[in-house]
Amino acid sequence: MPTHWVPIHRTLPGFIIDPRLMQFPNARIALFAKAPEAGKVKTRLLPAVSAEEAAVIYSGLLQQTVANLARARLAPIDCWCTPDVTHPFFQNLVDEFGVSLKQQKGDDLGQRMRTAVAKTSAESVILIGGDCPVLEPDHLNRAFSWLQGDCDAVLGPAEDGGYVLLGLNRCDESLFNDIPWGGERVLLMTRERLQQLNWRWRELEVLWDLDPPPGSGTLQNYF
């Protein structure tokens, strides 16, 4: 199994779309991504798969996510990268799909998301990862539509108690501070913070991401 990234799905031809032709040109999709290096991504999949296989799976899903979103022409895509933007995988996303590369900054996921929202000049922003195989452009389409309506926020719940999508029209640091990221209370605590802020929000249906519990068979069922 190669240790470098390769797509595991057949990807679409490259798309570089004028933002003016997008459905939500004044919004942004903030995609959080790690460089797909063995032993540094999707380690919760081990030992069901090897570190090299986990990196290949992750890179394939990430590439397919960007391809699907580019084809949907919803909004410009900012790829927030770690450890930096120079990895060949990220450069390929620029060449193929015209995404903008941004450097993640912060000590934990909450700080990195808060920084991304604060630095994004847009009417609304949707934050996602690249490892939810069942997150489709239609989910983001609905979320953007709700944000254009009477919602301050949109949540995409995950089966493991987190979320796969967070859409915002405004930002408050309480949504990102003192939350045990990666734990089963992330979604619950985020709901509580939204209630405390007296914000209006809607939720998508519950989805699963690429961190299935041991023995669940979810990963095998998908692939």
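Every number in this text was worked out from the coordinates using simple rules, so none of it is lab data. None of these values were measured; they are calculated from a predicted model. Backbone-built Cβ (ideal geometry, glycine too); neighbour counts: all protein chains shown.
Where both partners of a DSSP beta bridge lie in the range 22-210, what percent of those bridges are antiparallel, to the nearest 5?
30
In nanometres, what is the gap between the two model label sites at residue 189 and residue 107, each 7 Å from Cα along Cα-to-Cβ?
1.5
Counting only GluC sites (Glu not before Pro) that sit in a DSSP loop (anything but H, G, I, E, B) with at most 13 other Cβ atoms within 10 Å, what is the longest stretch of the chain containing none of them?
Here the longest run is 1-183.
Projecting each Cα onto the charge dipole of the range 11-142 (Lys/Arg +1, Asp/Glu -1 at the beta carbon, about the Cα centre), which of 24, 56, 88 comes out farthest on the positive side?
The listed residue farthest towards the positive side: 24.
Using label points projected 7 Å from each Cα along Cα→Cβ, tell me how many nm separate residue 181 and residue 26, to one decimal.
Here the modelled spin labels are 3.0 nm apart.
What lysines sit close enough to residue 105 to cross-link, taking a C-alpha to C-alpha distance under 17 Å and skipping anything fewer than 8 places away on the same chain?
Of all the lysines, those that pass the test against residue 105 - Cα under 17 Å, at least 8 places apart if same chain - are 34, 119.
Can you give me the relative contact order of the chain as a percent, contacts being Cα pairs under 8 Å and 6 or more apart?
20
Where nothing but the Cβ of Lys and Arg (+1) and of Asp and Glu (-1) is charged, how large is the charge dipole of the range 22-210 around its Cα centre, in debye to the nearest 20?
My answer is approximately 380 debye.
With n ≥ 4 as the cut-off for DSSP H runs, can you work out [θ] at 222 nm for the chain, using -39500 (n - 2.57) per run divided by the number of residues, rounded to the nearest 500?
Per the formula, -10000 deg cm²/dmol.
Quick check: convex hull of the Cα atoms in the range 81-188, volume per residue, rounded to a whole Å³?
122
Could you name the aspartates and glutamates in cross-link range of residue 102, using Cα to Cα under 16 Å and dropping any fewer than eight places away on the same chain?
List returned: 78, 84.
Let me make sure I get this right: for the range 25-100, a, b and c are the square roots of the gyration tensor eigenvalues over alpha carbons, sorted descending. Under 1.5 in a/c it's rounded, otherwise prolate if a/b > b/c, else oblate. Which is it?
Prolate, since a/c reaches 1.5 and a/b exceeds b/c.
Work out, step by step, the length gained on full extension between residue 46 and residue 134: first 0.36 nm times the residue separation, then minus their alpha carbon distance; give nm to one decimal.
Contour length minus Cα-Cα distance gives 29.6 nm.
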